[in-house]
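Structure first, commentary second.
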Amino acid sequence: DLSYKEPRLTSWYGELPYTYSRLTMQPNPNWHPLLTMLKEHIEKATGHTFNSLLCNLYRNEKDSVDWHSDDEPSLGRNPVIASLSLGATRIFEMRKKPPPVNISLTAKQSHRVLRPKGTTNSYSLITCITQATKTTHNPHAKVSNCK
């Protein structure tokens, strides 16, 4: 078995386990009321229903997430992913799975929802670059991701 430290803090909420990068998060149906409220607001804003949440806390410029696709079999075919950022501004970049063709989507402020859906996760990779990580020494933390 390969073991490594994840470069961010994570917490999983959902009725089923979730596995990514050979890491399995155990079921956790105990949603905090604030998380339930945010989920309901996102569902109303997007017109989609979500059944789980992966919270990522990027504490400072040393925390990150690498290029990835939210294409795990447990998410189903062509899943809809809503990513809500709170705190520091972040830049989402997308590129086609090889060859790399970059599409850059910038959230100019916090509290924006990005909603990759359909075949996006089948044909694209996504990463999150915090301005704290790549462009400044902004120490503000941020939280993101609904699945």
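The values are calculated or read from the model by the stated rules, or taken from the named source; none is laboratory data. Quantities reported herein were computed from a predicted structural model and do not represent experimental measurements. So basically every Cβ, Gly included, is an ideal-geometry build from the backbone, and we count neighbours across all protein chains shown. Only protein heavy atoms, including side chains, enter the accessible area calculation; ligands, DNA and RNA are left aside. Shrake-Rupley method; radii C 1.70, N 1.55, O 1.52, S 1.80 Å.
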>> 7 Å from Cα along Cα→Cβ at both Trp67 and Thr36: what's the point-to-point distance in nm?
In response: 4.1 nm
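Sorting check: for 23-30, 87-94, which peptide has the highest mean count of neighbouring beta carbons within 10 Å, and how do the rest follow? Mind dumping the intermediate values first?
On the way: 23-30: 11.6, 87-94: 19.0.
Top of the packing list down: 87-94, 23-30.
Rounded to the nearest whole Å², what accessible area per residue is found for region 1-91 with the 1.4 Å probe?
Working: 5650 Å² over 91 residues.
Dividing the accessible area of region 1-91 by its residue count gives 62 Å².
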>> Skipping prolines and chain starts, which residues have an amide H placed within reach, meaning under 5 Å, of the one on Tyr20, given they are 5 or more residues away or on another chain?
In response: Met25
> For the residue pair Arg77 and Lys5, what label-to-label distance in nm results when each label sits 7 Å from Cα along the Cα-to-beta-carbon direction?
Replying inline: 4.2 nm
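What does the highest-first list of 32-42, 72-82 look like by mean Cβ count within 10 Å? Don't skip to the end; give the middle numbers.
Details: 32-42: 13.3, 72-82: 14.9.
Ranked by mean Cβ neighbours within 10 Å, highest first: 72-82, 32-42.
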> How high is the FRET efficiency from Asn28 to Leu86, r the C-beta distance, R0 35 Å, rounded to 0.05?
Replying inline: 0.95
> Where a Cα-Cα gap under 14 Å defines reach, which aspartates and glutamates qualify for Lys5, not counting those fewer than 8 residues away within the same chain?
Replying inline: Asp63, Asp66
